[in-house]
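The values are calculated or read from the model by the stated rules, or taken from the named source; none is laboratory data. Just so we're clear, the structure is a prediction, and the values are computed from it rather than from any experiment. All Cβ positions, even for glycine, are placed from backbone atoms using ideal geometry, and neighbour counts span all protein chains on display. These accessible areas exclude ligands, DNA and RNA; they are computed on the full protein's heavy atoms, side chains included. Shrake-Rupley method; radii C 1.70, N 1.55, O 1.52, S 1.80 Å.
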Amino acid sequence: MKKILLIFIGLSISILIVIFFIFPILGKFITGTAREIGKETKSEIYIDGKRENEAKIFISKSNFEGNEKRDYLILYLRDVKKISEFPVLVIDRKYNEVKIPNASENDYNLFFNYLFQSDSGANVMVFVNDDVKGLGFEPDLRIEKEVIKFKMLFAKKPVEIVIKIK
C-alpha cells in the first residue's frame, strides 16, 4: 500500500512539474504573482480587413492588486500566426491609449481558455506612441460605443485593427 501511495505522489508531482514547465504562468498564479483575468469576451476582431478568429479580447476592470478601477481591453494575438512582434496589446478605454505590455508567455497566457496575467505583465507597459520606449507611432485610437479602431505597426507596416464587442 505504501508503495502505491508513493508511486501516486511521485506521479502527481511529475505531472505538476510538466504542467508548470509548459505553462509557467500557473506557477506564478499559485505563488500570487499572477492573476486570472477570465474568459474571452464575445467579439469580432478584424486585422487589415480580415476576420481573425484566433485573436481574442478580454476585459480587465482593475489593476493587478485590485485596488484601482481600470477599463482595459486586452487584445490577445499570440495565436494569430502572422503576428509575432506584439502578442498582447492593451487598450485603455478611459484614457484613449494603446499600450504594449510585457507579454512573454510567462506574463500572459491562456489555460483552458482563461487568460492569466502576471504582475509584470500588468504593471510594465509602454505607450505605442512614446518616442523613446514605444514605437513612436500614433495608433489613432477611436472608440465608438462597442467598436474600437486603431492602427498598429506589424512588420513595420501600419495595419488597422477593428474590434466589435458583442
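Between the labelled values (i) 34, 18, 12; (ii) 39, 15, 12; (iii) 34, 17, 15, the entry that holds semi-axes √(5λ) of the Cα gyration tensor in Å as derived from this structure is (iii).
With the other protein chains left in place, how much accessible area per residue, in square angstrom, belongs to region 1-64 at a 1.4 angstrom probe? List each step's numbers first, then the result.
Values: 4440 Å² over 64 residues.
Result: 69 Å² per residue.
To the nearest ten degrees, helix 2-22 and the longest principal axis of the Cα atoms of the chain are 20 degrees apart.
With the simple model of a label 7 Å out from the Cα in the direction of the Cβ, ASN129 to MET1 spans 7.0 nm. Across the options SER62, VAL128, TYR76, the greatest Cα extent toward the positive end of the charge dipole of region 11-166 (unit charges at beta carbon of Lys, Arg, Asp, Glu) belongs to TYR76. Roughly how many nanometres apart are two label points built 7 Å out from the Cα toward the Cβ at GLU85 and ASN113? So the label points at GLU85 and ASN113 sit 3.2 nm apart.
For the chain, a crude dipole built from +1 on the beta carbon of Lys and Arg and -1 on the beta carbon of Asp and Glu, taken about the Cα centre, is about 540 debye to the nearest 20. Give the distance, in whole Å, between the Cα centre of region 85-145 and the Cα centre of region 10-42. The two parts, judged by their Cα centres, are 21 Å apart.
Summing charges over neighbours of LYS69, with a neighbour being any other residue whose Cβ is under 10 Å away from its Cβ, gives +1 when K and R count +1 and D and E count -1.
The length gained on full extension between ASP140 and ARG70, counted as 0.36 nm times the residue separation minus their Cα-Cα distance, comes to 23.1 nm.
If the chain between LYS156 and ASP48 were fully stretched, how many nm would it gain, using 0.36 nm times the residue separation less the Cα-Cα distance? Could the numbers behind the result be given before it?
Numbers: separation 108, 0.36 × 108 = 38.88 nm, distance 1.38 nm.
Here the segment from LYS156 to ASP48 would lengthen by 37.5 nm.
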